[in-house]
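Enquirer: Would you mind keeping the following structure in view while I ask a few things?
Derivation of every value follows stated rules applied to the coordinates shown; laboratory data play no part. Bear in mind that the values here come from a model prediction, so they are computed numbers and not experimental data. Cβ coordinates were reconstructed from backbone atoms using ideal geometry, including for glycine residues, and neighbour counts include every protein chain displayed.
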């Protein structure tokens, strides 16, 4: 899943400190590196080359810069694909459960044409400018250690203090997931901690909407990667996505993996429903 990762350190604006974010040049969500497929030619959604909505770069609605209406709308649709960051911590000496869940969530995001970007907490610190300027949502994942988040995730939370002060994540969609070796393991404490962090940033929190151990609805049965009539939400979590596994077992429970795909699908649909500046 290497393509899900961002390896571009190009700065969005020419400033070094995080304080530059509040003075950014107004590029929109899709100007990720000025040259990737999803950039919008450096213009934001509202301006369309500073002409009014009817002109679209000085041409009338029917021409769209000389192209026909259908081709132009297809191009615009492609360039408006939104992006979501998945930021997680996984202990390097353990079985990468959090990464496995993150990859499944990314699968669910892709089913609704949301572009996922996976970051470890350390990578997220290095790309915090890109995440802040270009992501419509952020999903946080931490293992449950002693009834709480891993210290590395807490360190990342504290790293965002200037983002918090400047309200730069306000109205971004947020969600959380966690894993422990026990069925309970006090995982709810982790999701509570993540949700409080997100809400203090002014983010919009997303939980699970599936009744535990019921078949998924027929209209959701065609989600890529989830077998039809699958059982979801094995652990009955509403606050976010929970997973558990037996000690010394490499593979995660199939229901939990399917739930992670559905969770990404749900979050993606919510991200697509919002356009808040």
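Enquirer: What percentages make up the Cα-Cα pair-distance distribution of segment 225-271 when the bins are 10 Å wide from 0?
Expert: Histogramming segment 225-271 at 10 Å steps yields 26, 51, 21, 2 percent.
Enquirer: Quickly work out the residue 273-to-residue 166 label distance, labels modelled 7 Å from Cα along the C-beta direction, and quote it in nm with one decimal.
Expert: It works out to 3.1 nm between the two label points.
Enquirer: Next question, about the same structure. Quick one: Cα centre-to-centre distance for segment 248-277 and segment 140-163, in angstrom?
Expert: Result: 20 Å between the Cα centres.
Enquirer: Using 7 Å Cα-to-Cβ label points, what is the residue 189/residue 209 separation (nm, one decimal)?
Expert: Here the answer is 3.1 nm between the modelled labels.
Enquirer: Going by how many other Cβ atoms sit within 10 Å of their own, how do 103, 98 line up, fewest first?
Expert: Going from sparsest to densest Cβ surroundings: 103, 98.
Enquirer: Which FRET efficiency, nearest 0.05, do residue 126 and residue 229 yield, Cβ-Cβ r, R0 35 Å?
Expert: Computed FRET efficiency for residue 126 and residue 229: 0.25.
Enquirer: Also, quick follow-up: Could you give the nm distance between label points at residue 238 and residue 182, where each point is 7 Å from its Cα heading toward the beta carbon?
Expert: 2.4
Enquirer: Over every pair of different alpha-carbon atoms in segment 83-273, take the mean of 1/r and invert it; report that Kirkwood radius in Å.
Expert: One over the average 1/r among Cα pairs gives 16.4 Å for segment 83-273.
Enquirer: How much of the DSSP beta bridge set in segment 122-199 is antiparallel, as a percent to the nearest 5?
Expert: 10
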